[in-house]
1. For residue 181, all conditions in the list (1) open to solvent by less than 60 Å² (accessible area, probe 1.4 Å); (2) assigned to a helix (DSSP H, G or I) hold save one; what is the number of the exception?
2. If I filter the stretch 40-51 for residues that are farther than 26 Å from residue 66 by Cβ, open to solvent by less than 70 Å² (accessible area, probe 1.4 Å) and not in a helix (DSSP H, G or I), do I get at least one hit?
3. Could you please let me know if residue 29 is in a helix (DSSP H, G or I) and closer than 26 Å to residue 105 by Cβ?
4. What is the one condition in (1) within 25 Å of residue 88 (Cβ to Cβ); (2) open to solvent by less than 70 Å² (accessible area, probe 1.4 Å); (3) in contact (Cβ under 8 Å) with a residue 24 or more places away in the chain that residue 144 does not satisfy?
5. For residue 94, are the conditions met, namely being open to solvent by less than 40 Å² (accessible area, probe 1.4 Å), touching a helix residue (DSSP H, G or I) at 6+ places or on another chain (Cβ under 7 Å) and either under 22 Å from residue 127 (Cβ atoms) or among the polar types (S, T, N, Q) (or both)?
6. Can you tell me which residue within the stretch 3-38, out of those that are open to solvent by less than 90 Å² (accessible area, probe 1.4 Å) and of a type in the set (Ser, Thr, Tyr), is farthest from the chain's Cα centre (by Cα)?
7. Across the stretch 28-59, what is the total count of residues that are touching a residue at least 24 places away in the same chain (Cβ under 8 Å) and either within 29 Å of residue 112 (Cβ to Cβ) or touching a His at 6+ places or on another chain (Cβ under 9 Å) (or both)?
8. Can you name the condition, by its number, that residue 111 falls short on among (1) part of a helix (DSSP H, G or I); (2) of a type outside the set (A, V, I, L, M); (3) in contact (Cβ under 8 Å) with a residue 40 or more places away in the chain?
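The values are calculated or read from the model by the stated rules, or taken from the named source; none is laboratory data. Fair warning: this is a prediction, and the values are worked out from it, not measured in the lab. Cβ: placed from backbone, ideal geometry, glycine included. Neighbour counts: every protein chain shown. Remember, those area values only see protein heavy atoms, side chains included, never the ligands or the DNA or RNA. Shrake-Rupley method; radii C 1.70, N 1.55, O 1.52, S 1.80 Å.
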Amino acid sequence: MDDTTIEALEFPAILEELSGFCLTSHGKERALALAPLAELFPIDEAFREYFELSSILKESGNLPLGGTADIRPMLSKSMPPGAFFLPEEMLTVLGNLAVAALLKAFLTPAFEKRHTLTSAKLHAISDEIELYRELGRILDDKGQIKDDASPELRRLRRELRTVKERARGLLDELLKDKTIKDALQEELVTIRDDRYVFMIKSGSHTAVHGIIHGQSGSGAIAA
């Protein structure tokens, strides 16, 4: 089919409309790249796929595609040793794996017998059920690694909490020291760059022994 005919049929506008139903950027790209079929067999197969999916939707309602996202940018990253995904990226991966697991759950003998073309596509989905279960076990709903992801991590985090509590206790004791108290902008302990600090009055930092971590707009020194 030539370009003039395609334009006359407003085929690009149809593809644009179709792409609006896609959940991911990859799906939109695939939709916009479609071209009219010219051979009988692929046309017949496309209609069979359509009727299969129509039947599935009537039987099951919407397909479980919520949570699907385009993870190609993440997977194409250069991943040198020591590189890692951010929490939100881990949740995106987990969401895709969840969708894959739900889709592959359709593959019962009865389903495969009735929907052969759709089943072939579902079989082509990578089976990463073990990775899905493992990520679900170790990640919380914010993408952070749970304390009980491993015994060693649980031990280390428990020790870290103990050390932080001890450090906070020592700082609270220091707040009672008159020399330090007189030098403080405020009588409280704050956190800067994951460190406990005192806010020292401008010009009073020599009264307190410590490391300067920064300075506020008012001139107060974090030490």
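1. (1)
2. no
3. The answer is no for residue 29.
4. Of everything listed in (1) within 25 Å of residue 88 (Cβ to Cβ); (2) open to solvent by less than 70 Å² (accessible area, probe 1.4 Å); (3) in contact (Cβ under 8 Å) with a residue 24 or more places away in the chain, residue 144 misses just condition (2).
5. Spelling it out, residue 94 is indeed open to solvent by less than 40 Å² (accessible area, probe 1.4 Å), touching a helix residue (DSSP H, G or I) at 6+ places or on another chain (Cβ under 7 Å) and either under 22 Å from residue 127 (Cβ atoms) or among the polar types (S, T, N, Q) (or both).
6. Among those residues, the one meeting the criterion is 5.
7. Count: 7.
8. So the condition that residue 111 fails would be (3).
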